[in-house]
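The values are calculated or read from the model by the stated rules, or taken from the named source; none is laboratory data. None of these values were measured; they are calculated from a predicted model. Cβ: placed from backbone, ideal geometry, glycine included. Neighbour counts: every protein chain shown.
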Amino acid sequence: MSEHPRHPHAPDDLWRSVTRLYAWLEADQPYGGQEGLLLRMLKLQEEVGEVAQAVIGATGQNPRKGTTHTWDDVQSELCDVVITALVALRTLTPDARAVFDAHLAGVTARSLGPRHG
């Protein structure tokens with residue numbers, strides 16, 4: 001994989017950006033409470049569907065439409081999934097970073113084990 005140059009407007013800190021996006025979404029929500037929370041979680045499914053659509057489009061698997069996307073589109077959609085998931089996690093807990101770090105450490109340990117240390 002090639003190194004991508006840093007975008008001039010890229011956030012300096014992932015979690016600061018997640019917090020800012022969360023605050024932006026919370027400031028202008030038509031639905032609050034449990035309903036707003038559930039809709040935030042459903043947004044993740046929408047984004048995953050867009051990944052599938054982009055993969056189908058990049059591979060030309062829909063004979064009616066042909067090739068409609070590129071692998072760059074797939075990358076972009078995957079980024080949207082990650083961002084949406086992190087904002088959803090932040091919606092559930094203000095300690096999203098600690099929850100994510102602990103979970104990632106556990107998955108890494110289980111998956112790679114001591115032989116990959």
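Identify, by number, the condition in (1) surrounded by fewer than 13 Cβ atoms within 10 Å (Cβ to Cβ); (2) under 20 Å from Pro94 (Cα atoms); (3) under 20 Å from the mean Cα position of the chain (by Cα) that Lys43 doesn't meet. Tallying (1) surrounded by fewer than 13 Cβ atoms within 10 Å (Cβ to Cβ); (2) under 20 Å from Pro94 (Cα atoms); (3) under 20 Å from the mean Cα position of the chain (by Cα), Lys43 fails exactly one: (1).
Per-residue answers, yes or no, for (1) within 27 Å of Phe100 (Cα to Cα); (2) free of Cβ contacts under 8 Å to residues at least 24 places away in the same chain; (3) in a loop (DSSP other than H, G, I, E, B):
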position: Met41; (1), (2), (3): yes, no, no
position: Glu47; (1), (2), (3): yes, no, no
position: Val51; (1), (2), (3): yes, no, no
position: Gly57; (1), (2), (3): no, yes, no
position: Gly66; (1), (2), (3): no, yes, yes
position: Asp72; (1), (2), (3): yes, yes, no
position: Glu77; (1), (2), (3): yes, no, no
position: Ile83; (1), (2), (3): yes, no, no
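Selection of the range 85-117 for residues being farther than 16 Å from Tyr22 by Cα and touching a residue at least 60 places away in the same chain (Cβ under 8 Å) yields an empty set. Annotation: of all residues in the range 71-81 being surrounded by 13 or more Cβ atoms within 10 Å (Cβ to Cβ) and of a type in the set (A, V, I, L, M, F, W, C), the one that is farthest from Ala23 (Cα to Cα) is Val74.
Conditions tested, residue by residue: (1) surrounded by 16 or more Cβ atoms within 10 Å (Cβ to Cβ); (2) touching a helix residue (DSSP H, G or I) at 6+ places or on another chain (Cβ under 8 Å).
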residue	(1), (2)
Ala58	yes, yes
Lys65	no, yes
His69	yes, yes
Thr84	yes, yes
Pro94	no, no
Ala105	no, no
Ser111	no, no
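This table checks each residue for (1) touching a Pro at 6+ places or on another chain (Cβ under 6 Å); (2) surrounded by 14 or more Cβ atoms within 10 Å (Cβ to Cβ); (3) at pLDDT below 95.
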{"residue": "Arg16", "(1), (2), (3)": "no, no, no"}
{"residue": "Leu21", "(1), (2), (3)": "no, yes, no"}
{"residue": "Gln29", "(1), (2), (3)": "no, no, yes"}
{"residue": "Gly49", "(1), (2), (3)": "no, no, no"}
{"residue": "Gln53", "(1), (2), (3)": "no, yes, no"}
